[in-house]
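In what follows, a structure is listed as structure tokens, so that the remarks can point back to it.
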Amino acid sequence: MESKFVQADPVRLEYFEQGHGFDTLVLVHGYASSAAIWRYTLEHLPEDRFRVIVLNNRGAGESGCASSEGPFEEEDYSVETFANDLYNVTKTLKLDGFTLVGHSMGGATVTQFALDHQSLIKGLVLMNPAPLLGRELKDGWEEELRESLKSPETPAGDMGFRASHVTDDFKRAVMADIARNPVERFIGGRRSMARLNLRDRLSEIAVPTLVMGGDEDTTVGVENILAEYQALPKFYRNLHFYHGIGHSPNVEVGDWVARIVGDFSDKARSLKLQAQTSS
């Protein structure tokens, strides 16, 4: 796909666009990864059915790293900042009535977006979302992380690389993007996820929401994925788990993710009408 750029005031962000269908999907990646993580999902989204916008958050890919000149700040890489950038992107691109999909930290980002701008979306997908109640950071975590960043081996979590179809080219592309991250993105992102306090606000979500996860996810934990589902209004919540899959279904089973997200997006408007009638 051709790389494009949008001025999401005050930062210039890279995005990719695929397809020309009536149904629009916006895909948001997680913590240290980039838009490259969606490759195996995009391959299975029919271009005549979907228009797909895949964003690189600030600091990822060729997106700008900060909102101003001078030293980077950790707050430039928080969930709240990413959600505000996402809003500026949708406003500039004049997107409305789309399905918003977030993976890992991206799940927290799209949750924050949905809480602030529900009227813009028709459906929400939380894929292996970062725990929305936050989590405690162990003593010395920052020093340990900074030290690991000095290693020749780029630190990375479960990116789905164990799947047999994943090519070396894909792995290199993802890892190259991770390696280019500024230190502040690693530190700021981790600190931002630790202080999340969005789970109690999920009851405010009034659009169909699909929570997805792998039952072998040890990054965010199955118990957290289920907790997000249970905190959503019962009329709007939907749940899908992949058996034998870890933290990145969009890589391990991209074909199934494309099918399930696509079907969910197709039905989102009717699901909302059903929920409103039931409630």
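One residue alone among T277, T218 is touching a residue at least 24 places away in the same chain (Cβ under 8 Å) and not basic (K, R), and that residue is T218.
Candidates G157, G189, G246: the one that is at pLDDT below 95, touching a Ser or Thr at 6+ places or on another chain (Cβ under 8 Å) and assigned to a loop (DSSP other than H, G, I, E, B) is G157. For region 75-98, the set of residues classified as open to solvent by less than 10 Å² (accessible area, probe 1.4 Å), among the small types (G, A, S) and either in contact with a strand residue (DSSP E or B) (Cβ under 6 Å, 6 or more places away or on another chain) or part of a helix (DSSP H, G or I) (or both) consists of A83 only.
Of all the residues in region 232-274, those that are open to solvent by less than 60 Å² (accessible area, probe 1.4 Å), free of Cβ contacts under 8 Å to residues at least 60 places away in the same chain and out of contact with any strand residue (DSSP E or B) (no Cβ under 8 Å at 6 or more places or on another chain) number 2.
Quick check, is E184 in contact with an Asp or Glu (Cβ under 7 Å, 6 or more places away or on another chain), over 18 Å from A36 (Cβ atoms), open to solvent by 50 Å² or more (accessible area, probe 1.4 Å) and touching a residue at least 40 places away in the same chain (Cβ under 8 Å)?
Numbers: in contact with an Asp or Glu (Cβ under 7 Å, 6 or more places away or on another chain): yes; over 18 Å from A36 (Cβ atoms): yes; open to solvent by 50 Å² or more (accessible area, probe 1.4 Å): yes; touching a residue at least 40 places away in the same chain (Cβ under 8 Å): yes.
For E184, the condition - in contact with an Asp or Glu (Cβ under 7 Å, 6 or more places away or on another chain), over 18 Å from A36 (Cβ atoms), open to solvent by 50 Å² or more (accessible area, probe 1.4 Å) and touching a residue at least 40 places away in the same chain (Cβ under 8 Å) - is met.
When residues in region 101-126 are screened for being open to solvent by 10 Å² or more (accessible area, probe 1.4 Å), in a helix (DSSP H, G or I) and in contact (Cβ under 8 Å) with a residue 24 or more places away in the chain, 5 of them pass. Of the residues T277, T219, only one is under 17 Å from the mean Cα position of the chain (by Cα) and open to solvent by 50 Å² or more (accessible area, probe 1.4 Å); which? Going through T277, T219 in turn, just one is under 17 Å from the mean Cα position of the chain (by Cα) and open to solvent by 50 Å² or more (accessible area, probe 1.4 Å): T219.
Condition check for G61 on (1) on the phi < 0 side of the Ramachandran plot; (2) out of contact with any Pro (no Cβ under 8 Å at 6 or more places or on another chain); (3) modelled with pLDDT under 95: one failure, at (1).
Elements of the type strands (runs of 3 or more DSSP E) sitting completely within region 1-50 and holding at least 3 residues that are aliphatic (A, V, I, L, M): these cover 23-28.
The values are calculated or read from the model by the stated rules, or taken from the named source; none is laboratory data. These numbers were taken from a predicted model, which means no experiment stands behind them. Positions of Cβ are generated from backbone atoms using ideal geometry, with glycine treated the same way; all protein chains shown enter the neighbour counts. With ligands, DNA and RNA removed, areas are computed over all heavy atoms of the protein, side chains included. Shrake-Rupley method; radii C 1.70, N 1.55, O 1.52, S 1.80 Å.
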